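I have placed the structure first, in the form of structure tokens, so that the comments after it can refer back to it.
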Amino acid sequence: MKYKFHFSSVEIPHIAAALFALAFSFQLILFRDQIFNQGLIDPISLLSFFAQSLIAVGVGFVLHELGHKYVAQKKGLWAEFRSWPFGLVLAIGMSLLSRGGFVFAAPGAVVINPLKKTKSGMVLKKLKKEDIGHIGIIGSVINISIAGIALVIVALTGLQLAALTAQVNSWLAIFNVIPLSVLDGQKVWVWSKKIWFGFMMLCLAVFALTVFL
């Protein structure tokens, strides 16, 4: 049977809500000086800041989560994105109250259930360490790939938005690969410490390049 990546009608609004909340919150962080100090809060400026935040942060986050979803579904598992309502409110609220000084970004995640669909229904599927590792690492692989592409664009065009995108996505890759139980890095660490170390070194190297932009 040919694999088909799919969404449910339930998760589409969850993805949209998370994307909007992140883009809105991070525009206050990324363009803090322009918004709070220079007073550039006219509709045109705000729309521009929102669009840039959407590219630099929002798209990277959503593609990160969809990467988990894709690999999990590829392995025959049930996987759907779910937003976290409290996390959405917290992200927007903290970015506003801190005047762009801080944001707690936890708008949601891909929920994965070890169930595989068969002709007789849904059966429990036993996951190997490499299965869990593959699902865990793909999000950061996507982020570091976005950062790499953005770096090439910076080298060719000097586009500031590309530089911002590279910095944000390389940082997201590093953060998520930290080997703590609540982060993807723990799954990769349990799967293969050599792969974890090599990938972390790659992420740090790419991030170091963004510092000199």
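Candidate cross-link partners of Lys75 among the aspartates and glutamates, defined by an alpha-carbon separation under 12 Å and a same-chain spacing of 8 or more, comprise Glu130, Asp131. Amide H contacts for Gly108 (H built 1.01 Å from N in the peptide plane; partners 5 or more residues away or on another chain; cut-off under 5 Å): Trp84. Adding -39500 (n - 2.57) for every DSSP H run of four residues or longer, then dividing by how many residues the chain holds, sets the calculated 222 nm ellipticity at -21000 deg cm²/dmol.
Decide, for the stretch 126-187, between rounded, prolate and oblate: order the square roots of the alpha carbon gyration tensor eigenvalues as a ≥ b ≥ c, take rounded if a/c falls under 1.5, and otherwise choose prolate if a/b is larger than b/c, else oblate. Before the final figure, lay out the partial values.
Details: a/c = 5.37, a/b = 2.58, b/c = 2.08.
It is prolate, given that a/c is not under 1.5 and a/b is the larger ratio.
Defining a contact as two alpha carbons under 8 Å apart and six or more residues distant in sequence, what relative contact order in percent does the stretch 1-144 show? It rounds to 30 percent for the stretch 1-144.
Across the stretch 33-97 the C-alpha pair distances fall into 5 Å bins from zero in the proportions 4, 13, 14, 20, 18, 12, 8, 6, 4, 2, 0 percent.
Since every read-out is calculated from the coordinates, none of them should be taken as a lab result. What you see is a predicted model; the values in this text were computed from it and never measured.
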